[in-house]
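The values are calculated or read from the model by the stated rules, or taken from the named source; none is laboratory data. None of these values were measured; they are calculated from a predicted model. Every residue, glycine as well, gets a Cβ built from its backbone with ideal geometry; the counts of neighbours run over all protein chains shown. Side chains included, ligands, DNA and RNA excluded: accessible areas come from the protein's heavy atoms. Shrake-Rupley method; radii C 1.70, N 1.55, O 1.52, S 1.80 Å.
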Amino acid sequence: MSKTEQIDQSRLPRHIAIIMDGNGRWAKEHGHERAWGHENGVTTVRRITEIASELGVGFLTLYTFSTENWNRPKAEVDALMNLIVVSIEQQTPDLIKNNVRLTAIGDMDRMPAFARERLQRCMADTGHCTGLVLCLALSYSSHWELTAACRTIAAMAARGEIAPEQVDEQLVESCLATSSMPAPDLLIRTGGDLRISNFLLWQLAYSELYFTDKYWPDFTKDDFCDAIIWFQSRERRFGKTSEQIKNDENQQH
């Protein structure tokens, strides 16, 4: 039985987020510069997008470039920016063919104009697609996102549009960069580190967290399926007891 056949289609995670870690370390272990690892990581993005689309996952969010990454050596940052936009442009025809819509979250104002404009063009070209939503977190961090949301809410209060007691979870969520997407059901992190790294901190409150030692360039379609199979073995209680969950399931049936 193949890995895809082991997946229960009725319990597929609707939204999967991935921290694609280990490109640089993978390249060094193979005797190359870090940029070579990022280039090979693009191939993994392609195959994981393909399998996510084939399986019927609704949303796939990839931590592509964090606000902290701006602190890396300028040569690496420049190479990454160029690689990102060139790769997206090359993959746009395949995205359209596979009915994948491209979107992005992050502080786009910090991105070079050429990268921002080309990214927006690719998003517009796939805007009609109705299948998998591929979201790139670019120049993104949760600290940036939550700070921006606080500013938006403060401005609404200053204009007299809301009172302090009207600030609730729904309002905060509506001001987040991910307001058009459900919270991730599953977070995958490659590369062996066991941390969230300032990624979707609000949204991951009840996500299942899957960590693997594999570096991102080595992450395969079967590895992706393994993460989903593991996810489907988990009991998601959302603060309830196991008995309550079972009763809820029985009532649904």
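Checking each residue in region 51-87 for being closer than 29 Å to residue 7 by Cα, open to solvent by 20 Å² or more (accessible area, probe 1.4 Å) and more than 15 Å from the chain's Cα centre (by Cα) picks out 54, 56.
Being surrounded by 21 or more Cβ atoms within 10 Å (Cβ to Cβ), aromatic (Phe, Trp, Tyr), at pLDDT 95 or above and on the phi < 0 side of the Ramachandran plot is the requirement here; does residue 211 meet it? For residue 211, the condition - surrounded by 21 or more Cβ atoms within 10 Å (Cβ to Cβ), aromatic (Phe, Trp, Tyr), at pLDDT 95 or above and on the phi < 0 side of the Ramachandran plot - is not met.
The residues in region 153-185 that are within 18 Å of residue 141 (Cα to Cα), more than 17 Å from the chain's Cα centre (by Cα) and open to solvent by 60 Å² or more (accessible area, probe 1.4 Å) can be counted, and the count is 1.
Hey, could you check region 214-232 for residues that are among the β-branched types (Val, Ile, Thr) and either surrounded by fewer than 16 Cβ atoms within 10 Å (Cβ to Cβ) or in contact with a Gly (Cβ under 6 Å, 6 or more places away or on another chain) (or both) and say which is nearest to residue 9 (Cα to Cα)?
229
State yes or no: is residue 126 under 22 Å from residue 68 (Cα atoms), among the hydroxyl-bearing types (Ser, Thr, Tyr) and modelled with pLDDT of 95 or more? No: the conditions fail for residue 126. Residues of region 203-231 that are outside any helix (DSSP H, G or I) and of a type outside the set (D, E, K, R): 203, 204, 205, 206, 207, 209, 210, 211, 212, 215, 219, 220.
With respect to residue 19, determine if the residue is free of Cβ contacts under 8 Å to residues at least 60 places away in the same chain and closer than 27 Å to residue 203 by Cα.
Against the criterion (free of Cβ contacts under 8 Å to residues at least 60 places away in the same chain and closer than 27 Å to residue 203 by Cα), residue 19 does not qualify.
The set of residues in region 108-141 that are touching a helix residue (DSSP H, G or I) at 6+ places or on another chain (Cβ under 6 Å) and open to solvent by 50 Å² or more (accessible area, probe 1.4 Å) comprises 116, 118, 125. Cβ-Cβ contacts under 7 Å between residues 6 or more apart (or on different chains), taken from a first residue in region 113-133 that is among the acidic types (Asp, Glu) to a second residue that is in a helix (DSSP H, G or I) and open to solvent by less than 50 Å² (accessible area, probe 1.4 Å), are listed as 125/92. Taking the listed residues 34, 25, 46, 14, the one that is out of contact with any Gly (no Cβ under 9 Å at 6 or more places or on another chain), of a type outside the set (Phe, Trp, Tyr) and open to solvent by 50 Å² or more (accessible area, probe 1.4 Å) is 46, with no other qualifying. Taking each residue of region 200-228 that is under 23 Å from residue 144 (Cα atoms) and looking for partners that are open to solvent by less than 20 Å² (accessible area, probe 1.4 Å) and charged (D, E, K, R) with beta-carbon atoms closer than 9 Å, six or more apart or interchain, yields 200/145; 201/145; 202/145; 209/189.
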